[in-house]
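Q: Pasting a structure below so you can have a look.
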Amino acid sequence: MHGRDAGGAAGAAAAPPRRRSTSVIAHWRRTGGWRDRMPGTAFGAALAILVGVFWLSFRNTERLIEDASWRQHTYQVIAEIRALLVGLIDAQAGARGYLLTGDERSLAPYRGGREEFALHFARLRALTADNPLQQRRLTAFEPPANAELDALERAIARRHEPSVGAVSPAAVTADRRAMADLRSRIAALEDEEHRLLVERDLAMRRSVRRADLSLWVGLAAGVALLAVAVLALRREISERRQAERAQLRLNVRLENANAELDAFCYSVSHDLRAPLRAIDGFSLALAEDLGDRLAAPEHELLARVRKAAQRMAQLIDDLLRLSRISRTSLALGSVDLSALAGEVAADLRTLDPSRQAAIAIEPAMRALGDERLLRIALENLLGNAWKFTRRRERARIEFRSERGGGGVVYVVRDDGAGFDMQYAGQLFGAFQRLHSSADFEGTGIGLATVARIVHLHGGRIWAEAAVGQGATLRFTLGDSDGAAAAEAAEKGAAG
Amino acid sequence: MSVDAILLVEDNPDDELLTLRALARNHIANQVAVARDGAEAIAYLEGAGGAALPALVLLDLKLPKLSGLEVLERIRAEPRTRRLPVVILTSSKEDRDLVAAYDLGVNSFVRKPVDFAEFVEAVRQLGLYWLVLNESAPA
C-alpha cells in the first residue's frame with residue numbers, strides 16, 4: 001500500500017480526495033513503526049553478545065589446551081633427558097664392569113646404554129627444536145659425550161687384546177671428571193626444562209582462570225540477557241494487555257454509541273415523520289374542505305406547506321440512509337457494474353419514458369465490492385446525470401471505465417447543466433446543493449452518500465464540470481488491484 | 001346486512017383523524033373502532049363490550065403499554081384471532097421491524113407516506129384488497 005498523508009475528508013473535488021484508510025496506516029507506521037524494528041535490533045545485540053562470549057570462551061579453552069600440551073611437552077623433554085642420562089650411565093657402568101672383569105656379559109648393558117643414549121639424544125634434539133638455548137646446549141654436549149663414549153669403546157677394544165689383563169680401577173675411574181662434566185651439562189638441560197615447567201604451569205593456571213572467568217562471564221551475560229528478555233516480554237505483554245483492555249473499552253463504547261445511534265435513527269424515522277404527515281394531511285384536508293372559499297394564492301400557500309413537509313420527509317429518509325451506510329460493514333463480492341447500471345438506467349426510463357436520453361454503458365465492467373451499496377451509488381450518480389440533463393432535448397449519459405493512476409477509474413459523464421468548478425469543494429458534503437430547488441429538486445445528500453460508499457470501498461471520488469457543459473464524476477473502488485482481485489475471484493468461482 | 005368493523009390501533013390523534021379521513025374519502029363504509037394503545041386493542045379483540053371480530057386490523061408499531069409487535073404476537077397466539085387479517089400501518093420501515101413482523105405472521109406491512117394524497121391512495125388500495133377482494137378465513 002502506498003502511504004498517502006492524512007488529510008481532507010470528503011471534500012476537495014478538484015483534486016482527488018486523499019485516502020483515509022491508507023493515511024491511518026501511514027500514521028500507525030509513523031508512531032509505532034520503531035517498536036517493530038526494536039525486537040530485531042535487540043535480538044541482533046543479544047546474538048552478538050552471546051557469540052562474543054562464546055568466542056572468548058572458545059579462545060580461552062584453546063589456549064588452555066595449548067598451555068596444557070606445552071606442559072606435557074616439557075614433562076616429556078625431562079623424561080627424555082633422564083633417559084639420556086640413564087643410557088649414558090648404563091653404557092659407562094657396563095663398560096667399567098667389562099674392563100674390570102673381562103666378562104663379555106657386561107658388554108650387553110654397555111651396548112644397550114649406548115643405543116638408549118643415541119635414541120634419546122635424537123629425540124631430545126627433535127623435541128627441543130623450538131628452544132635455541134637447549135639446542136645450543138645439546139650441540140655443546142654432543143662432542144664431549146661422544147668423546148667419552150669413544151674412550152669407553154677404545155678401552156673395551158684394548159681389553160679384548162689377549163696381552164691386556166684386568167685394567168686397574170684407577171684407569172677406569174680416570175674419566176670421572178669427564179663424566180661429572182657430562183652430568184652437570186645434563187643437569188643444566190633439565191634445570192632449564194624445570195624452569196620452563198614452572199613457567200608453563202603458571203601460564204596454564206592463568207589460562208584456567210581465564211577460561212573459568214569467561215564461563216562466568218558467559219553465564220552472567222546469558223542470565224542478564226534472559227532477564228532483559230523476560231522484562232521486555234513482560235512489559236510487552238502488559239502493554240498489549242493494556243492495549244487490549246483499551247480496545248475492549250473502545251469497542252464497548254463504540255457498540256454503545258452505535259446502539260444509541262440506532263435508537264436515535266429509529267426514533268427519528270418514526271417520530272419525526274408523524275408530525276410531518278399531520279402537517280401535510282391537514283393542509284390538504286384544509287384545502288379540500290375550504291375548496292372554493294380559498295382563492296388560488298391561498299391554495300398555493302397550503303401547497304407550499306405540504307411541499308415543505310414532504311421535502312423534510314425526504315431529507316429525513318436520505319439522512320437515515322446516509323447514516324445507515326456509514327455503519328454498514330461491506331459484504332464484498334464480484335459485482336457486475338455494467339448490469340447494475342443497466343438496471344438503474346431502465347428504472348430511470350420507466351419513471352420518465354418521454355425523455356430522449358442515450359445512456360451508454362460500457363459492457364462487462366466488474367469490480368470487487370458490496371453490490372447493495374454500489375447499486376445505491378449508481379442510483380445516485382446516474383440519477384444525478386438523468387436529473388441534470390433534463391433540459392436537454394437529446395441528452396447523453398455515459399458510464400465507462402478507464403485506466404489511470406495505477407488502477408481502474410470509473411467515469412460517469414453527462415452533458416447536462418454542469419456546475420461551476422469554484423464550488424466543487426462542496427459537492428460531496430451532506431446538504432450541499434449547487435443548484436436551486438427551483439431548477440433541480442434534491443436534498444443534497446446523494447453525492448455525500450456516493451462518497452461514503454466509495455470511501456467504504458477504499459476508493460476516491462472527484463468531479464470535473466463547467467456550467468452548461470455537463471459534469472464528469474470519476475471514482476475508484478479500493479486499491480489499484482481491486483479489479484484484478486475481482487477478476488481473480490471470478491476465475492476462482494469459475495474454476 | 002351488518003358490515004364487519006375495522007379495528008384501527010393508533011395512539012396519535014392526528015394520525016387517527018387522518019386515517020379516518022382517508023377511509024371516509026375512499027367511501028369505506030365499515031365501522032371503525034379505534035384502540036389507542038396495545039392493551040385496548042387486545043381487550044377489544046377479546047370481545048370486551050360484546051364486540052365481534054373485526055374484518056381487518058390496522059396496526060401501528062409504536063404504541064403505549066403493548067407495542068404493535070406484541071399485539072400481533074398475541075393475535076397470532078390466540079386461536080380465536082390467529083387468522084385475522086392484520087396490516088401494519090406505520091411510520092418507519094426498519095429492516096428489523098419488517099423481519100419481526102413477517103416472522104410473527106403479519107399479512108401486510110405498509111409505510112404511511114408523508115404525502116397525504118399518497119396515503120389516501122394507499123388506504124384505498126388496502127380497503128379494496130382486504131375488505132373486498134380478499135377472502136378471509138371463516139370465523
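Q: Looking at the stretch B:72-114 only, could you name the residues that are farther than 27 Å from A:Ala308 by Cα, buried (at least 19 other Cβ atoms within 10 Å of the Cβ) and within 13 Å of chain A (Cβ to nearest Cβ)?
A: Hit for the stretch B:72-114 is B:Asp97, nothing else.
Q: Could you list, in sequence order, the residues of the stretch B:1-37 that are hydroxyl-bearing (Ser, Thr, Tyr) and either within 14 Å of chain A (Cβ to nearest Cβ) or not in a loop (DSSP other than H, G, I, E, B) (or both)?
A: Residue satisfying the conditions is B:Thr19 alone.
Q: Continuing with the same structure: Return a yes/no flag: does the stretch A:326-336 have any residue that is surrounded by 19 or more Cβ atoms within 10 Å (Cβ to Cβ), farther than 15 Å from A:Leu373 by Cα and out of contact with any Pro (no Cβ under 8 Å at 6 or more places or on another chain).
A: Scanning the stretch A:326-336, I find no residue that is surrounded by 19 or more Cβ atoms within 10 Å (Cβ to Cβ), farther than 15 Å from A:Leu373 by Cα and out of contact with any Pro (no Cβ under 8 Å at 6 or more places or on another chain), so the answer is no.
Q: State whether the residues of the stretch B:85-102 include one that is assigned to a helix (DSSP H, G or I) and β-branched (Val, Ile, Thr).
A: Taking every residue of the stretch B:85-102 in turn, at least one turns out to be assigned to a helix (DSSP H, G or I) and β-branched (Val, Ile, Thr).
Q: Exactly one condition in (1) within 13 Å of chain A (Cβ to nearest Cβ); (2) under 15 Å from the mean Cα position of the chain (by Cα); (3) not in a loop (DSSP other than H, G, I, E, B) is not met by B:Leu63; state its number.
A: Only one criterion in (1) within 13 Å of chain A (Cβ to nearest Cβ); (2) under 15 Å from the mean Cα position of the chain (by Cα); (3) not in a loop (DSSP other than H, G, I, E, B) is unmet by B:Leu63, namely (3).
Q: How many residues does the stretch A:464-495 hold that are farther than 19 Å from A:Asp370 by Cβ, under 40 Å from the mean Cα position of the chain (by Cα) and modelled with pLDDT of 50 or more?
A: 1
Q: Within the bounds of the stretch A:282-291, is there any residue that is over 20 Å from B:Asp14 (Cβ atoms), in a helix (DSSP H, G or I), free of Cβ contacts under 8 Å to residues at least 24 places away in the same chain and more than 11 Å from every other protein chain (Cβ to nearest Cβ)?
A: Yes, because at least one residue in the stretch A:282-291 is over 20 Å from B:Asp14 (Cβ atoms), in a helix (DSSP H, G or I), free of Cβ contacts under 8 Å to residues at least 24 places away in the same chain and more than 11 Å from every other protein chain (Cβ to nearest Cβ).
Q: From A:Ala364, A:Ala346, grab the single residue that is more than 19 Å from A:Ala451 (Cα to Cα) and over 49 Å from the mean Cα position of the chain (by Cα).
A: Numbers: A:Ala364 fails: over 49 Å from the mean Cα position of the chain (by Cα).
None of the others qualify; the one that does is A:Ala346.
Q: What are the residues in the stretch A:313-353 that are among the aliphatic types (A, V, I, L, M) and touching a residue at least 60 places away in the same chain (Cβ under 8 Å), if any?
A: Listed by number, the residues that qualify are A:Leu315, A:Leu319, A:Leu322, A:Ile325, A:Leu330, A:Val335, A:Leu337.
Q: Could you count how many residues in the stretch B:66-84 are assigned to a helix (DSSP H, G or I) and touching a Ser or Thr at 6+ places or on another chain (Cβ under 9 Å)?
A: Residues meeting the conditions: 3.
Q: Can you name the residue in the stretch B:115-132 that is β-branched (Val, Ile, Thr) and crowded, with 18+ Cβ neighbours inside 10 Å and is also farthest from the other protein chains (Cβ to nearest Cβ) among such residues? Steps first, please.
A: Restricting attention to the stretch B:115-132, the residues satisfying the condition of being β-branched (Val, Ile, Thr) are B:120, B:123, B:132.
Checking the rest, the ones that are also crowded, with 18+ Cβ neighbours inside 10 Å come to B:120, B:123.
Values: B:Val120: 8, B:Val123: 11 Å.
Checked the stretch B:115-132; the qualifying residue farthest from the other protein chains (Cβ to nearest Cβ) is B:Val123.
Q: I've got another one for you. Please state which of the following conditions A:Leu368 fails to meet, knowing it meets all the rest: (1) in a helix (DSSP H, G or I); (2) touching a residue at least 60 places away in the same chain (Cβ under 8 Å); (3) out of contact with any Asp or Glu (no Cβ under 8 Å at 6 or more places or on another chain).
A: (1)
The values are calculated or read from the model by the stated rules, or taken from the named source; none is laboratory data. Computed from a predicted structure; not experimentally measured. Every residue, glycine as well, gets a Cβ built from its backbone with ideal geometry; the counts of neighbours run over all protein chains shown.
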